[in-house]
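Taken together, the values in this text are just the output of simple stated rules run on the coordinates, not laboratory data. Computed from a predicted structure; not experimentally measured. With ideal geometry, Cβ positions are generated from the backbone for all residues, glycine too; neighbour counts draw on all protein chains shown.
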Amino acid sequence: MTITREQVTTALKQVIFFAKANNIVELGMVHDIEIKGKEIKISIVFPKLDDPAVGIIYNSVVKTLKTELGDDVSVDVKPIAEKEVGQGPLSGVKNIIAVISGKGGVGKSTVAANLAVSLAKAGNSVGILDADIMGPSVPIMFGVEGETPGVLEREGKPIMLPLEKYGIKILSLGFFVKPDQALMWRGSMINNAFNQLMTDSEWGNLDFLVIDMPPGTGDIQLTLAQSYNIRGTVLVTTPQKIATADVRRAAMMYRQDKLEIPLLGIVENMAYFTPSDCPEKKYYLFGQGAGDELAKELDIPVLGRIPIVEKIREGGDTGKPIAMDESNPISKAFAELAVKIKERVEAL
């Protein structure tokens, strides 16, 4: 008996992907079918290859085809990720850049916001995701506090539409939480919220998605590293040794064997203070050299040094990141940072 593609497809309609309550044929998960005699090779697309459903579907496909077409049929099932075939909610995002720190208060969100603006000003399509669940500040920094993203329905599932400001797509949990509301969430709730912002959203085609990560090495950091294709991380620190010690721990997390996400470089924030009436002077209020020592230890470059300037704070508080002000020299510093990060990404 000659096995036909129609027979295989009909049989596969019995295999249900329970997460989406439909069969793998109707869901478009069957990517390719190759038949040679009694040998059948099938490629099946999954959102994530570490999903337990991969093994369940694999066994179900083999069992179903042998039952319907004969026990002597040879079945080879190849699971592939949506990203590999240009599918999935993040398939249009070329580069995901995580901005991380070992501790709070080092200006990570300020760097992430101004990096996103600088990348967009350089002609890139950019999005920013505020993943600092416990302290979302991106809505304030972009002047969209109190606004709510739109929602559309796709295949019976609600999909968030990011807000746009300065040509940048923006999402944050801060859009869904009242300013005076304290979040008392366990790890699983935090992960679910983060995954929804990542995958249940219409990001479209982006050159860069900048993620403002929470400080430390917790649940979201692990989820990001294990479940998503991260192009690289940017480490933000201040010059004190205690700050670089914390960011060192964060960096080493991404260099574990099972993660191995590239460290693009270090941004030293609050690196020095220059009085407006003495522009030739630099005062290193938090010390000097610790960032260089860490960069040498990790074998990565110092991508930029951002001084302490009141205008940076004012821009963040008023919803207009300082990178928008081309007349300010700090805008140039962030523009140079964006260039260096893009160069590092392209060199990977």
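Summary table
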{"quantity": "Net charge dipole size for the chain [Lys, Arg +1 and Asp, Glu -1 on Cβ; Debye, nearest 20]", "calculated": "340"}
{"quantity": "Amide H contacts under 5 Å for V267, placed H, 5+ residues apart", "calculated": "L235, V236, T237, L303"}
{"quantity": "Choice from S101, S91, S60 with maximal GNM fluctuation in the chain (Cα, 10 Å cutoff)", "calculated": "S60"}
{"quantity": "Filtered GluC sites (Glu not before Pro), segment 285-338: DSSP coil and at most 10 other beta carbons within 10 Å", "calculated": "E326"}
{"quantity": "In sequence order, calculated HN-Hα J values of segment 2-9 (Karplus, 6.51, -1.76, 1.60; Hz; x Gly/Pro)", "calculated": "7, 8, 9, 4, 4, 5, 5, 4"}
{"quantity": "Antiparallel %, DSSP beta bridges [both residues in segment 128-271], to 5", "calculated": "40"}
{"quantity": "Cα gyration tensor shape of segment 1-140, rounded if a/c is under 1.5, else prolate or oblate by comparing a/b with b/c", "calculated": "prolate"}
{"quantity": "Unit charges on C-beta of K, R, D, E only; dipole of segment 5-85, Debye", "calculated": "60"}
{"quantity": "Modelled FRET efficiency - R0 25 Å, T10 with D51, Cβ distances, 0.05 increments", "calculated": "0.50"}
{"quantity": "Over segment 93-347, relative contact order from alpha-carbon pairs under 8 Å, at least 6 apart, %", "calculated": "27"}
{"quantity": "Beta bridge orientation in the chain: antiparallel %, DSSP, nearest 5", "calculated": "30"}
{"quantity": "Local electrostatic count at Y272 - Lys and Arg +1, Asp and Glu -1, tallied over other residues with Cβ under 11 Å", "calculated": "+2"}
{"quantity": "Listed pairs K78/K342; K103/K281; K108/K157; K13/K38; K108/K311 exceeding 27 Å between Cα atoms", "calculated": "K78/K342; K103/K281; K108/K157"}
{"quantity": "Net charge over other residues, Cβ less than 11 angstrom from the Cβ of A98 (K, R count +1; D, E count -1)", "calculated": "+1"}
{"quantity": "Charge context of S60, other residues only, Cβ under 13 angstrom, K/R +1, D/E -1", "calculated": "+2"}
{"quantity": "Tail weight of P(r) past 23 Å, computed on alpha-carbon pairs of segment 5-85, percent", "calculated": "13"}
{"quantity": "C-alpha center-to-center spacing [segment 127-149, segment 293-348] in angstrom", "calculated": "20"}
{"quantity": "Among T318, T199, T67: highest mean-square fluctuation, GNM of the chain, C-alpha pairs under 10 Å", "calculated": "T67"}
{"quantity": "Contour excess over end-to-end distance, with Cα ends at E147 and K178 and 0.36 nm allotted per residue", "calculated": "10.0 nm"}
{"quantity": "Additional length obtainable on full extension of the chain from K94 to D277, 0.36 nm per residue less Cα span", "calculated": "61.5 nm"}
{"quantity": "Efficiency of FRET between N195 and E68 - r from beta-carbon atoms, R0 35 angstrom, step 0.05", "calculated": "0.45"}
{"quantity": "Spherically averaged projected area of the chain from its Cα convex hull (nm²)", "calculated": "20.1"}
{"quantity": "Given charges at Cβ of Lys, Arg, Asp, Glu: the chain dipole, positive-most of L264, V73, A120", "calculated": "L264"}
{"quantity": "Cut-off under 5 Å, modelled amide H: who pairs with K103 long-range", "calculated": "G216"}
{"quantity": "Cleavage-rule hits, chymotrypsin sites (Phe, Trp or Tyr not before Pro), segment 275-310, DSSP coil, Cβ neighbours within 10 Å at most 16", "calculated": "Y284"}
{"quantity": "For T233, T274, order by how many other beta-carbon atoms lie within 10 Å, fewest first", "calculated": "T274, T233"}
{"quantity": "Amide H contacts under 5 Å for F273, placed H, 5+ residues apart", "calculated": "Y283, Y284, L285, I308"}
{"quantity": "Cα centroid separation - segment 28-46 against segment 184-254, whole Å", "calculated": "36"}
